[in-house]
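> Sharing a structure with you now.
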Amino acid sequence: MLQVRTVYAEPEARDSERGRQVLARFPDAEVVEVASHWQIPELHGNAGNVERWVRVKTETLVLGVKKSLSARPNGRSADFIAPSTSNGCAMACAYCYVPRRKGYANPITVFTNIDKITRYLRGHVRRQGLKAEPDQIDPAAWVYDIGENSDCSVDALISENVADLVATFRELPTAKASFATKFVNRDLLGYDPRGRTRIRFSLMPDRDSRLLDIRTSSIGERIAAVDDFVEAGYEVHLNLSPVVLREGWERDWAELLTRLDDELGAAAKAQAAAEVILLTHNRDLHEVNLGWHPKAEDVLWRPELQQAKRSQSGMWNVRYRNDRKREGVRGVQDLIAAHAPWLRVRYAF
């Protein structure tokens, strides 16, 4: 997954305890000092990196300090988006939205001031008090997404930040951590979350995953991990996403849901819930993909089915037209009712 050759590091991050721990894991890497983790000309805005899309992710790491800490309200996957302890990813999913913000390269940036971040989170949780009413996010706990711009299972290969976050929420009876993942890292089974961390394994039909989920764990590996993570004390939900509308999609999703029904144990089914998310794409990412993985765009870029949409962050994306989106959401919900009726849908859009 990672053969790090170059680490771009802010001096404060490089010299911190967490920074030194990370660098010790990659003793042969060249360390290049940078003033800001966001201002690295070799990475940001360098269109030539499109041809090295996966190589950059594999060989490059960035160390920075998270300057501004805030917990943004969310309302779908979580109540709040926690301050990032990293961004970027070593995987290369063709539909990923994170590269849109980083300009032609998307290696992992690790934020080393983890103590400040966990201290902020403890204070933020304390200020919320008790959750007054159950909602679709959780019946009792305030849920914090700790991996909005990264995959925490991969981040855990690099630093102890994820372990520290799981330990923090383990001690917060009114809150839970949550993150989505496409990578099975069995080291996390030893983190002892005690029900205070929710892992959302992202799933899609094998046919889609083989084309779009580059450098991820196979769908079979992810399904096989669910029971083990439940037994280890995690709450395990499923992200059915992205749903890509193409010929035969209903058949393939029915096959996936039937497989879940056949292979998951009773304990996993009893606590399971799902998010259903239809594909959202982006013109800039479409252009990037044409430079390194054009076959993906055969199913991702469908102008005859899509319309422009401004995201919450102000970016212009494309999603399925309203009528096709409604049909797709209804279709997935009908398939769940038919093939995995135990799977509660938390939300679908």
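> How many angstrom lie between the Cα centre of the range 1-24 and the Cα centre of the range 182-249?
28
> I need the peptides 255-267, 204-216 ranked by packing, meaning the mean over residues of other C-beta atoms within 10 angstrom, with the highest value on top.
Highest mean packing first, the order is 204-216, 255-267.
> By how many nm would the segment from Met315 to Gln136 lengthen if fully extended, with 0.36 nm per residue of separation less the alpha-carbon distance?
61.8 nm
> Still on this structure, please answer the following. For Lys67, Lys309, Lys57, which order do you get if you count the other beta carbons within 10 Å of each Cβ and list the fewest first?
Final ranking by Cβ density, sparse to dense: Lys67, Lys309, Lys57.
> Can I ask one more? Ranked highest first by the average count of other Cβ atoms within 10 Å around their residues, in what order do 282-294, 84-96 fall?
Top to bottom by mean Cβ count within 10 Å: 84-96, 282-294.
> Length gain on complete extension for the stretch Ala47 to Arg246, per 0.36 nm per residue less the alpha carbon to alpha carbon distance?
Gain in length upon complete extension: 68.6 nm.
> Structure shown: which of Lys67/Lys116; Lys67/Lys176; Lys176/Lys309 lie over 20 Å apart, alpha-carbon to alpha-carbon?
Lys67/Lys176; Lys176/Lys309, as the Cα separations exceed 20 Å there.
> In addition: If the reach is capped at under 14 angstrom between alpha carbons, list the aspartates and glutamates near Lys66, excluding any in the same chain fewer than eight residues apart.
Excluding near neighbours in sequence, the set is Glu10, Glu12, Asp115.
> Output the antiparallel fraction of DSSP beta bridges having both residues in the range 6-348, as a percent to the nearest 5.
25
> Can you compute log10 of I(q)/I(0) for the range 6-348 with the Debye formula, treating each Cα as one identical point scatterer, at q = 0.13 Å⁻¹?
Log10 of I(q)/I(0), two decimals: -1.06.
> Here's a follow-up. In the range 6-348, with Lys and Arg counted as +1 and Asp and Glu as -1 at Cβ, which of these residues, Thr112, Val329, Ala92, has the Cα nearest the positive end of the dipole, that is, farthest along it?
Of the candidates, Val329 comes out farthest on the positive side.
> Sticking with this one: Using 0.36 nm per residue of separation minus the Cα-Cα distance, give me the extension gain between Lys116 and Lys67 in nm, one decimal.
My answer for the length gained is 16.6 nm.
> Once amide H atoms are placed 1.01 Å from N in the peptide plane, what residues at a sequence separation of 5 or more from Asn74, or on another chain, have their amide H within under 5 Å of its amide H?
Phe80, Ile81
> Another question, if that's okay. For the range 39-79 and the range 113-156, what is the centre-to-centre distance using only Cα atoms, to the nearest Å?
If you average the Cα positions of each part, the centres end up 21 Å apart.
FYI, it's all coordinate maths here, none of it is from the lab. In this text the structure is predicted, and so the values were computed from the model without any measurement. Note that we place each Cβ from the backbone using ideal geometry, even for glycine, and neighbour counts take in every protein chain shown.
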